[in-house]
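Every read-out reported here was derived from the displayed coordinates using simple, explicitly stated rules and does not represent laboratory data. Being a predicted model, the structure only gives us computed values, none of them experimental. Cβ placement follows ideal geometry from the backbone for every residue including glycine, while neighbour counts extend to all protein chains displayed.
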Amino acid sequence: MKSGPGHVRSRREPDLALAEAVALAIALPDLEVVGSEVVRLPRAQPGLLFGTGKVDELKARMAEAEVDLVLVDGPVSPVQQRNLEKAWKVKLLDRTGLILEIFADRARTREGVLQVELAALNYQRTRLVRAWTHLERQRGGLGFVGGPGETQIEADRRAIDEEVVKIRRQLGKVVRTRELHRAARRKVPFPVVALVGYTNAGKSTLFNKMTGAEVMAKDMLFATLDPTMRGLVLPSGKKVILSDTVGFISDLPTQLVAAFRATLEEVLEADLILHVRDIAHPETEEQAADVGEILESLGVDEDVPMFEVWNKIDMLGPDTRAALLATDARTPGVHAVSALTGDGLETLLAAIGSVLDEERTEAVLHLGFEEGRARAYLHRENVVLEEAELETGHRIHVRWTARQRAAYEAIPG
């Protein structure tokens, strides 16, 4: 169910946004979608979200269809959730709750699981009218949906806060371990190419096609949640690291963006970003805008080169496909491809090579303790090979391109 014109996602067509919400629901196992509709809301009611007449109408339809769970594609306050569940005699999830469920089901690495649990606890802290069960769940998911064999636990705020502290401590250990791996890789150091894009844009299919890996690639939202990294040898013989990341989505709740920031750190360290777009989607421009906003909120450096990869050209008609390929040929930084058939990949790989084949030189820098901004830039650019702390500051051994050196020298102070 999607709320109407007052909803924050005003730049999207309601019917297309509803289709995306249904796809989100289908992405969660054991759910059968029996109906969906756009509900026009001139004004959201503080207690029930909908007007009483609409609440009664929907109640009758839910009873007839024997509905157990209602999904509202938008924010629902704890009070609205409690009142609607009482009125309809069903469980209710808003958009954040549903995305959390999907994240919990898809997360595979230790860090991914911890990040989901942390986000879920922060979400549940404001909803103590709900039961939370992810600590003792007997299946994937967080228990918002419910299921056989689950025990529902009414947790108070103190218990949640204690669990948050414990998870943050565990997460700190995981992050430190990952930092050690990253530091070891810096000494190699291969350039990092990060795939980003709206969920279901075809990133994982492209990743598999380019590397021969077998990352989960399905026509399903949020098929990939944890970053996957593989080595890739370009046609020139140059070796790079290709990183597949979680798909972005419009209105991803702020607390989820923050929770998954660590998961997306590979993007922040990338030497080249490939923004994969589903060019056949009717709202490809709006999806691209959403990706751009999230990249900006993550603090991605504007100096990092980025290609737009217009994927799924195999789903277009011959004339449209030919026009896109012509645009590709005359527009720098745009590459039309089909991750499914492999069309356009040869040109894309050659372009990646041309960007990453910049000559790199080594240098030893001496930075005073007060030059924190310059030191942070070097680490952000992933150019540090070795670093030692001296009485007067830091001695840093770097390997960088002329572009990176010029940017470093332009830093004030």
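Fewest-first ordering of 375, 176 by other beta carbons within 10 Å of each residue's beta carbon gives 176, 375.
Across the stretch 44-57, rounded Karplus estimates of 3J(HN,Hα) from the backbone phi angles (6.51 cos²θ - 1.76 cosθ + 1.60, θ = phi - 60°) give 6, 7, x, x, 10, 6, 9, x, 4, x, 5, 4, 5, 4 Hz, Gly and Pro being marked x.
Assuming 0.36 nm per residue, please report the length gained on full extension of the stretch residue 56 to residue 239 beyond their Cα-Cα distance. Present the calculation step by step, with values, prior to reporting the outcome.
Values: separation 183, 0.36 × 183 = 65.88 nm, distance 6.20 nm.
Extending this stretch completely gives an extra 59.7 nm.
Taking 0.36 nm per residue of sequence separation and removing the Cα-Cα distance, the residue 157/residue 16 pair yields an extension gain of 47.0 nm. Please list the non-local residues whose amide H lies under 5 Å from the amide H of residue 343, H modeled 1.01 Å from N, same-chain partners needing a gap of 5 or more. For residue 343, the qualifying residues are 338. In terms of the mean number of neighbouring beta-carbon atoms within 10 Å, the peptides 307-317, 20-30 order highest first as 307-317, 20-30.
Phi angles across the stretch 112-120 convert, under the Karplus curve 6.51 cos²θ - 1.76 cosθ + 1.60 with θ = phi - 60°, into 3J(HN,Hα) values of x, 4, 5, 4, 5, 5, 5, 5, 5 Hz, Gly and Pro given as x.
Backbone geometry of the stretch 361-366 corresponds, through the Karplus equation with coefficients 6.51, -1.76 and 1.60 at θ = phi - 60°, to 3J(HN,Hα) couplings of 10, 9, 8, 10, 10, 10 Hz, x marking Gly and Pro. Around the amide H of residue 357, modelled in the peptide plane, lies no amide H under 5 Å away from a residue 5 or more places distant or on another chain.
Under a 5 Å amide H cut-off, with hydrogens placed 1.01 Å from N, residue 45 pairs with 50 among residues at least 5 apart or on other chains.
Give me 105, 73 sorted ascending by neighbouring Cβ count inside 10 Å, so fewest comes first. List each step's numbers first, then the result.
Details: 105 19, 73 26.
Ranked by crowding around the Cβ, least crowded first: 105, 73.
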